[in-house]
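K.L.:
Take this structure first; my questions come after.
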Amino acid sequence: MVNLNLNVGACIYCGDNESRLTREHILPRGLGGNSAPQGHNDALVLQNATCYRCADITSKIETDCLRQMNQARARLGLKRKDRAEATMKVSVELPDGTCEQREIDSDEILGPVILPCFYEAGALTNKPPADVAPCDYHIIVVASARGPILQQAARVGVDLRCDSKVFAQMLAKIALGLAIAKFGLNGFQPLIRDFILKNQNEYGRWVGGFAGTERAAVASPVFHRLHLQMKQFGAETFIIVEIQLFAEYGGPTNYVIVGRPK
């Protein structure tokens, strides 16, 4: 069992300890953050951890990412009942070769999600970050379409999109929360606060992955896999969090360089 300190007492993003604070889910609720991950008795929720100003910024990051995962989240039951669409749009290829858009029940929709797999983070290579940090895109299907639509269509598809910059910010948000739960607010030197809050273009510096290597995505017995570690690169030691979202379905592993130990 991992020992974590989940009561913070200041904003993990800006350090404000005077304004009213709210709680912070380390994993977004829309990705199952209300449930306890493997190795923990409770959900990973930091108490008194975010000021309302920063919460507005980070909430938009999560919302933008989760919206891009709507089909998979609907099929996995991760969408709140009061916010879940009753129907969702699919592209249908009919037996006669024509195509059309249809609205079908969300419980019957195809459940794919597109996930970036980044190349090595710039902070580890000492190379200046590129204007566009390179990444591959992996499409994971968590559930096939089902129901009457399969009897009517030769093929069923959905539109997918992914903003790799916003996705990287969400990964950094998850990683920062986990590091603070482990080391405390003042137990390390964070490096990614500015990237999360306002400098989206730094994503190639602090977020990396294993794209272009022989390290293949491997399915895991856990839904999402989080692994915090310290690694030395040359003369520098970094706190790094590996994150494999949708690990159960073979999602790619990315990592975030969260900070330096004190």
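K.L.:
Take the range 65-105 and flag every residue that is of a type in the set (D, E, K, R) and in contact with a helix residue (DSSP H, G or I) (Cβ under 7 Å, 6 or more places away or on another chain).
P.N.:
Those that are of a type in the set (D, E, K, R) and in contact with a helix residue (DSSP H, G or I) (Cβ under 7 Å, 6 or more places away or on another chain): Arg73, Lys79, Glu85.
K.L.:
Now, a different point. Among the numbered criteria (1) surrounded by fewer than 17 Cβ atoms within 10 Å (Cβ to Cβ); (2) more than 22 Å from the chain's Cα centre (by Cα); (3) within 30 Å of Ala74 (Cα to Cα), which one does Val156 miss?
P.N.:
(1)
K.L.:
While we're here: Any idea which of (1) surrounded by 24 or more Cβ atoms within 10 Å (Cβ to Cβ); (2) within 30 Å of Val92 (Cα to Cα) is the one Cys162 doesn't satisfy?
P.N.:
For Cys162, the failing item is (1).
K.L.:
Then there is this: If Ile12 passes every condition in (1) touching a Ser or Thr at 6+ places or on another chain (Cβ under 8 Å); (2) in a loop (DSSP other than H, G, I, E, B); (3) without any contact (Cβ under 8 Å) to a residue 40 or more places away in the chain; (4) hydrophobic (A, V, I, L, M, F, W, C) but one, which one does it miss?
P.N.:
Single failed check for Ile12: (3).
K.L.:
If you don't mind, there's one more thing I want to ask. Quick check on the range 89-134: of everything there that is of a type in the set (D, E, K, R) and in a loop (DSSP other than H, G, I, E, B), which residue is surrounded by the most Cβ atoms within 10 Å (Cβ to Cβ)?
P.N.:
Glu120
K.L.:
Also, quick follow-up: Have a look at Lys182, Lys173 and point out the one that is in contact (Cβ under 8 Å) with a residue 40 or more places away in the chain, in a helix (DSSP H, G or I) and over 18 Å from the mean Cα position of the chain (by Cα).
P.N.:
Lys182
K.L.:
What number goes with the only condition from (1) modelled with pLDDT of 95 or more; (2) under 28 Å from Gly9 (Cβ atoms) that Leu226 does not pass?
P.N.:
(1)
K.L.:
While we're on this one: Among residues belonging to the range 224-262 that are in a loop (DSSP other than H, G, I, E, B), on the phi < 0 side of the Ramachandran plot and within 12 Å of the chain's Cα centre (by Cα), point out the one that is surrounded by the most Cβ atoms within 10 Å (Cβ to Cβ).
P.N.:
Filtering the range 224-262 for residues that are in a loop (DSSP other than H, G, I, E, B), on the phi < 0 side of the Ramachandran plot and within 12 Å of the chain's Cα centre (by Cα), the one surrounded by the most Cβ atoms within 10 Å (Cβ to Cβ) comes out as Leu245.
K.L.:
Take the residues in the range 202-223 that are at pLDDT below 95 and β-branched (Val, Ile, Thr); name whichever of them is nearest to the chain's Cα centre (by Cα).
P.N.:
Top of the filtered list is Val222.
K.L.:
Quick check, is Phe233 within 19 Å of Ala123 (Cα to Cα) and either out of contact with any Gly (no Cβ under 8 Å at 6 or more places or on another chain) or among the β-branched types (Val, Ile, Thr) (or both)?
P.N.:
Values: within 19 Å of Ala123 (Cα to Cα): yes; either out of contact with any Gly (no Cβ under 8 Å at 6 or more places or on another chain) or among the β-branched types (Val, Ile, Thr) (or both): yes.
So Phe233 passes the test.
K.L.:
Taking the condition loosely packed, with under 13 Cβ neighbours inside 10 Å and touching a residue at least 12 places away in the same chain (Cβ under 8 Å), does Glu85 pass? Let's see the steps before the verdict.
P.N.:
On the way: loosely packed, with under 13 Cβ neighbours inside 10 Å: no; touching a residue at least 12 places away in the same chain (Cβ under 8 Å): yes.
Considered against the rule, which asks whether it is loosely packed, with under 13 Cβ neighbours inside 10 Å and touching a residue at least 12 places away in the same chain (Cβ under 8 Å), Glu85 comes out as no.
K.L.:
State yes or no: is Leu185 of a type in the set (A, V, I, L, M) and crowded, with 20+ Cβ neighbours inside 10 Å?
P.N.:
For Leu185, the condition - of a type in the set (A, V, I, L, M) and crowded, with 20+ Cβ neighbours inside 10 Å - is not met.
The values are calculated or read from the model by the stated rules, or taken from the named source; none is laboratory data. Because the structure is predicted, anything quoted here is derived from the model rather than measured. Every residue, glycine among them, receives a Cβ derived from its backbone with ideal geometry; neighbour counts consider all protein chains shown.
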